[in-house]
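Here is the structure we will look at.
The values are calculated or read from the model by the stated rules, or taken from the named source; none is laboratory data. Computed from a prediction, not measured in an experiment: that's the story for all the values here. Please note: Cβ atoms are built from the backbone with ideal geometry, for glycine as well, and neighbour counts cover all protein chains shown.
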Amino acid sequence: MPRILPVPLGAANAYIVSEGSASILIDAGFPRQGKKFFTALSKQGMDPSRIALVVITHVHYDHVGNLREIRDACRCPVAVPAGEADWLRRGAVVFPAGAHPVGRALIAAGRLLARVLPGFVRFDPVEADILVDGELSLDPFGMAGRIVMTPGHTAGSLSVLLDDGNAFVGDLAFNVLPCGGGPIMPPFADDPAALKQSWAALRRLGVRTVWPGHGRPFSARRLRSQA
Ligand SMILES: [Zn+2]
């Protein structure tokens, strides 16, 4: 059974998934959290070189903030959505659309913050190694699972599905309210209808537990009840 280690980096989760001697990392958190990441790794007695692959669910600054530092330490390939590799190459800070009025207000505030305090959102550019635009097996990286495209939050967003039913979905769903029973619709989505189709696709693929980019894991049943 794979072991899952959530690593909160700022207000976003990165996940280290390990199976046998293989590990992969999913997402790379808010900028300037590198020290926290490497501390979490060493607490597990893990050398960065053990990470065989970094998968980026989508290229927003809060998911790639420490990617270059991590990639330089693990010297492993980086997989990103093909359509967003150029954002990563250029270090482009791209904001999604708000999914509702509160989301839109938050995005407007984010854009303003990025103008006034650009250092808050800036991340180091990375040239990705694997450009994903369809299903990709993780077998070559020692992991029983695959990457699938799950558009909606951004057009290119992807998820990592393990064969045991765990799924790492980036911002395809949120779960940030304290009691965990609130809405899972993210406040930001470029295409909310496509996002709900991706929820349905995950259910069809037999996902049991969803590990979001923000907040705590939850049962995939909620993908049905809130669709
Ligand atoms: Zn995002």
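What single numbered condition from (1) under 24 Å from Arg221 (Cβ atoms); (2) within 16 Å of the ligand (Cβ to nearest atom); (3) part of a helix (DSSP H, G or I) fails to hold for Leu106?
(1)
Looking only at residues that are touching a residue at least 40 places away in the same chain (Cβ under 8 Å) and more than 16 Å from the ligand (Cβ to nearest atom) in segment 42-75, which one is farthest from Ala173 (Cα to Cα)?
Of everything passing the filter in segment 42-75, Cys74 is farthest from Ala173 (Cα to Cα).
When Leu113 is evaluated against the numbered criteria (1) in contact with a helix residue (DSSP H, G or I) (Cβ under 7 Å, 6 or more places away or on another chain); (2) farther than 22 Å from Leu25 by Cα; (3) surrounded by 14 or more Cβ atoms within 10 Å (Cβ to Cβ), which criterion, by number, is the only one it fails?
(3)
Does segment 136-150 include one or more residues that are within 16 Å of the ligand (Cβ to nearest atom) and either more than 28 Å from Arg221 (Cα to Cα) or crowded, with 18+ Cβ neighbours inside 10 Å (or both)? First the steps, then the outcome.
Taking segment 136-150 first, the residues within 16 Å of the ligand (Cβ to nearest atom) are 149-150.
So of that shortlist, the ones also either more than 28 Å from Arg221 (Cα to Cα) or crowded, with 18+ Cβ neighbours inside 10 Å (or both) come out as 149-150.
Among the residues of segment 136-150, at least one is within 16 Å of the ligand (Cβ to nearest atom) and either more than 28 Å from Arg221 (Cα to Cα) or crowded, with 18+ Cβ neighbours inside 10 Å (or both), which makes the answer yes.
Where residues in segment 197-222 are assigned to a loop (DSSP other than H, G, I, E, B) and surrounded by fewer than 16 Cβ atoms within 10 Å (Cβ to Cβ), which of them is nearest to the chain's Cα centre (by Cα)? Give the steps one after another, and end with the answer.
Looking only at segment 197-222, we keep the residues that are assigned to a loop (DSSP other than H, G, I, E, B), and these are 205-208, 212-214, 216-217, 220.
Now narrow it down to the ones that are surrounded by fewer than 16 Cβ atoms within 10 Å (Cβ to Cβ): 205-206, 208, 216.
Numbers: Leu205: 19, Gly206: 20, Arg208: 18, Arg216: 13 Å.
Here the residue is Arg216.
Report whether or not Val169 is surrounded by fewer than 21 Cβ atoms within 10 Å (Cβ to Cβ) and within 16 Å of the ligand (Cβ to nearest atom).
Details: surrounded by fewer than 21 Cβ atoms within 10 Å (Cβ to Cβ): no; within 16 Å of the ligand (Cβ to nearest atom): yes.
Spelling it out, it is not the case that Val169 is surrounded by fewer than 21 Cβ atoms within 10 Å (Cβ to Cβ) and within 16 Å of the ligand (Cβ to nearest atom).
Being within 16 Å of the ligand (Cβ to nearest atom) and either without any contact (Cβ under 8 Å) to a residue 12 or more places away in the chain or acidic (Asp, Glu) (or both) is the filter; apply it to segment 183-209 and report the residue that is farthest from Arg104 (Cα to Cα).
For segment 183-209, the residue satisfying everything is Asp191.
Please count how many residues of segment 76-86 are within 16 Å of the ligand (Cβ to nearest atom) and either without any contact (Cβ under 8 Å) to a residue 12 or more places away in the chain or not in a helix (DSSP H, G or I) (or both).
2
Restricted to segment 87-103, and to residues that are modelled with pLDDT of 95 or more and within 14 Å of the ligand (Cβ to nearest atom), which residue is farthest from Ala189 (Cα to Cα)?
Ranking the candidates gives Leu88 first.
Are any residues in segment 42-67 part of a loop (DSSP other than H, G, I, E, B) and of a type in the set (Val, Ile, Thr), and if so, which ones?
Within segment 42-67, the subset part of a loop (DSSP other than H, G, I, E, B) is 44-47, 56-60, 65-66.
Matches in segment 42-67: Ile56, Thr57, Val59.
Filter segment 1-41 down to the residues that are part of a loop (DSSP other than H, G, I, E, B) and of a type in the set (Phe, Trp, Tyr) and list them by number. Break it down stepwise before answering.
Narrowing segment 1-41 to residues part of a loop (DSSP other than H, G, I, E, B): 1-2, 10-11, 20-21, 27-33.
Selection gives Phe30 alone.
Can we say Val126 is within 19 Å of the chain's Cα centre (by Cα) and not in a strand (DSSP E or B)? I'd like the intermediate steps shown before the answer.
On the way: within 19 Å of the chain's Cα centre (by Cα): yes; not in a strand (DSSP E or B): yes.
Criteria met by Val126.
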